[in-house]
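Accompanying notes for the structure given below.
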Amino acid sequence: MSADCPRLVIAGTASGVGKTSLVLGLARELARRGLRVQTFKVGPDFLDPTWLALASGRTCYNLDGWMTSREYVCELFARAAAGADIALIEGVMGLFDGASPVGLEGSTAEVAAWLDAPVLLVVPARGAGRSLAATVQGFARFEPGIHIAGVIANQGGSARHRAWLAEALGAAGLPPLVGAVPRGGLPPLPSRHLGLVTADPGNLSPAILDQLADACREHLDVAGILRLSGVARFRESVYVVSPGRQPGDGLSSSQDAGDPNAIPGLTPGAPRPVPSPPALRLGVAWDEAFQFYYADNLESLEDRGVEICRFSPLADAGLPPGLDGLYFGGGYPELYAARLAANHTMLCDVRAWAVSGRPLYAECGGLMYLGRALVTRDGARHALAGVLPVETVMLDRLKTLGYVEVSLRADSLWGPAGAVCRGHEFHYSEIASGPPLPQGATNLRSVPGGEGSARPQGPLTPCPSPGGRGEPGWLPAYTVRRLRGEAAAEGFARGNVLASYVHLHWASRPQAADRFVARWAGCRETADRIAAHSEAPV
């Protein structure tokens, strides 16, 4: 199928109204009917996409207007939806919630407008009658250009209640009721740890997915929903970002400025670039402890001739051979801290890699793994890689959540000093000890055992690491600017090692992936020259 893929945004009036369960069930039900379902998640979420991929059988992609751009979101949608029969886009928070209190930036509504996608609005119906119609009317008229095509009432009551809600919406001339799920009508999702648990088969089994699908088949007008999905239309061609164009540029000369379906900065007909033959190998930590990666970030490396080599810090005895770079993403190292600490051969390999000067990048959980130790909520201290001169401690409360913009403080893996990237933070841990950090980085520190901290059993003494506790040369990687708050130093950088709590989206700076790959290639060329020199006859 072409990029003219039927699509639906499933949005809510707020967080916690049942969007995830409904999208999972609908994706599974449509897949059971033989449809090829492509799923997307609005916003910087690593958890829901893993579940949605299990439900649909296809990789789920994030669509984030704040971290990337309109051009990028539209191109990614068109590319990922190629070959699909329908695209389901799960919203984030409430329909109009995002990075701004006065605009659409970073919201589900922004993505719906960009993709010309009809919206199914999930509304909590418990204890509501005609007032539900008033809620829907407010959402339907709040922002021009947002098309609410149907309503799903969740946590409702009897069949009589459903009929009452449908009549109230119809009498007010509002979008129709296409589903009403009674209280208890959706099976509960598995237990949560800092949000949804990761989506491996043990957590989200086929049986649970089928129960969700059964509930959607029973309580939703699936045929009506499919009809609504055909409202939006792309052109009959694949769209990609025009060569040399930047986000914010106007219409390309090949487009008709009067065409309402034209997308700024995109041209039809150009296929996705054919990946170059693999020339570099990137080791990516991937197991139960490390799973948080944007699929399109990794694909952007593959397009540049990088082979992604997954390895398990939990189970593998050491790093894969022949690597040119290492990438530790986020995840749940705190849940597997004892097993990570027990894998001494892997920890030694990672320490040796860091000392060798080859590129090593870590985000959030990866930063925690590279530290000297991790103190879990029970107070146990687990010695880890010892690459960074700090320890981390788990808290009982959320430490940081939100979008961030970072400026590079020096030339690094991502670009020259001053280059700007965007990303987000979401973590329940903090830096608990280490040597004095550079000026401006004091926001990264806390008092061990202070309010909200796990109380360790004994002092937080450092575990062995290259260079000892007073090792020189570590500098903040970024100046980070949060949406609410002052700019501050963040992260750690030394040589080709960069670690931070920030999850970057590389499409926020189109040159970032090129710089990343070029840095590895330069390190490989240097290593090859050294090897050739050492083998040359004297």
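Might you check whether a residue that is free of Cβ contacts under 8 Å to residues at least 60 places away in the same chain and more than 18 Å from ARG509 (Cα to Cα) occurs anywhere in segment 403-424? No.
Determine, yes or no, whether LEU132 is under 26 Å from GLY57 (Cα atoms) and not in a loop (DSSP other than H, G, I, E, B). Before the answer, list the steps.
Values: under 26 Å from GLY57 (Cα atoms): no; not in a loop (DSSP other than H, G, I, E, B): yes.
Spelling it out, it is not the case that LEU132 is under 26 Å from GLY57 (Cα atoms) and not in a loop (DSSP other than H, G, I, E, B).
Please tell me if ALA499 is modelled with pLDDT of 90 or more, touching a helix residue (DSSP H, G or I) at 6+ places or on another chain (Cβ under 9 Å), buried (at least 21 other Cβ atoms within 10 Å of the Cβ) and of a type outside the set (Asp, Glu). I'd like the intermediate steps shown before the answer.
On the way: modelled with pLDDT of 90 or more: yes; touching a helix residue (DSSP H, G or I) at 6+ places or on another chain (Cβ under 9 Å): yes; buried (at least 21 other Cβ atoms within 10 Å of the Cβ): yes; of a type outside the set (Asp, Glu): yes.
Judged against the criteria, ALA499 is a match.
The set of residues from segment 354-368 being over 18 Å from THR400 (Cβ atoms) and in a helix (DSSP H, G or I) comprises ALA354, VAL355, SER356. From the residues in segment 101-117 that are on the phi < 0 side of the Ramachandran plot and part of a loop (DSSP other than H, G, I, E, B), which one is surrounded by the fewest Cβ atoms within 10 Å (Cβ to Cβ)? Per the stated criteria, the residue is VAL102. Here MET67 fulfils each of the conditions (1) modelled with pLDDT under 95; (2) crowded, with 23+ Cβ neighbours inside 10 Å; (3) over 22 Å from ILE225 (Cβ atoms) apart from (1). Taking first residues from segment 210-221 that are among the basic types (Lys, Arg) and partners that are assigned to a helix (DSSP H, G or I), the Cβ contacts under 8 Å between residues at least 6 apart in sequence or on separate chains come to ARG217/GLU29.
From the list THR20, THR50, THR59, which one is β-branched (Val, Ile, Thr) and in a loop (DSSP other than H, G, I, E, B)?
Numbers: THR20 fails: in a loop (DSSP other than H, G, I, E, B); THR50 fails: in a loop (DSSP other than H, G, I, E, B).
Sole residue among the options that is β-branched (Val, Ile, Thr) and in a loop (DSSP other than H, G, I, E, B): THR59.
Does at least one position in segment 46-53 carry a residue that is buried (at least 24 other Cβ atoms within 10 Å of the Cβ), assigned by TED's automatic domain parsing to the domain that holds ALA153 and farther than 25 Å from GLU105 by Cα? Taking every residue of segment 46-53 in turn, at least one turns out to be buried (at least 24 other Cβ atoms within 10 Å of the Cβ), assigned by TED's automatic domain parsing to the domain that holds ALA153 and farther than 25 Å from GLU105 by Cα.
On the basis of being more than 13 Å from LEU177 (Cβ to Cβ), of a type outside the set (Lys, Arg) and over 22 Å from the mean Cα position of the chain (by Cα), does GLY145 make the cut?
Values: more than 13 Å from LEU177 (Cβ to Cβ): yes; of a type outside the set (Lys, Arg): yes; over 22 Å from the mean Cα position of the chain (by Cα): yes.
When the stated conditions are applied, GLY145 passes them.
Of the numbered criteria (1) modelled with pLDDT of 90 or more; (2) more than 15 Å from LEU475 (Cα to Cα), the one ALA410 fails is (2).
If you check SER131 against the conditions, is it at pLDDT 95 or above and out of contact with any helix residue (DSSP H, G or I) (no Cβ under 7 Å at 6 or more places or on another chain)? Let's see the steps before the verdict.
Working: at pLDDT 95 or above: yes; out of contact with any helix residue (DSSP H, G or I) (no Cβ under 7 Å at 6 or more places or on another chain): yes.
In short, yes.
Scanning segment 288-333 for residues that are among the β-branched types (Val, Ile, Thr) and either crowded, with 22+ Cβ neighbours inside 10 Å or free of Cβ contacts under 8 Å to residues at least 12 places away in the same chain (or both) yields a single hit, VAL306.
Would you check if TYR336 is assigned to a helix (DSSP H, G or I), in contact with an Asp or Glu (Cβ under 7 Å, 6 or more places away or on another chain), touching a residue at least 24 places away in the same chain (Cβ under 8 Å) and not small (Gly, Ala, Ser)? Answer is yes for this residue.
Among the residues of segment 1-19 satisfying the criterion of being at pLDDT below 95 and among the hydroxyl-bearing types (Ser, Thr, Tyr), which is nearest to the chain's Cα centre (by Cα)? Result: SER15. Scanning segment 341-375 for residues that are touching a His at 6+ places or on another chain (Cβ under 7 Å) and either hydroxyl-bearing (Ser, Thr, Tyr) or farther than 23 Å from ALA477 by Cβ (or both) turns up just one, ALA341. Each residue in segment 70-100 was checked for being free of Cβ contacts under 8 Å to residues at least 24 places away in the same chain and in a strand (DSSP E or B), and 0 pass. Residues in segment 23-36 that are in contact with a helix residue (DSSP H, G or I) (Cβ under 7 Å, 6 or more places away or on another chain) and either buried (at least 24 other Cβ atoms within 10 Å of the Cβ) or among the charged types (D, E, K, R) (or both): VAL23, LEU24, GLY25, LEU26, ALA27, ARG28, GLU29, ARG32. Of all the residues in segment 82-124, those that are in contact with an Asp or Glu (Cβ under 8 Å, 6 or more places away or on another chain) and of a type in the set (S, T, N, Q) number 2.
Please go through segment 147-159 and give me each residue that is among the aliphatic types (A, V, I, L, M) and crowded, with 24+ Cβ neighbours inside 10 Å, ordered by number. Lay out the reasoning, then the answer.
Applying the first criterion (among the aliphatic types (A, V, I, L, M)) to segment 147-159 yields 148-149, 151-153, 159.
Within segment 147-159, VAL151, ILE152, ALA153 meet the criteria.
The values are calculated or read from the model by the stated rules, or taken from the named source; none is laboratory data. The structure presented is a predicted model; accordingly, all values stated were derived computationally and were not measured. Neighbour counts are summed over all protein chains in view; Cβ atoms, including those assigned to glycine, are modelled from backbone coordinates with ideal geometry.
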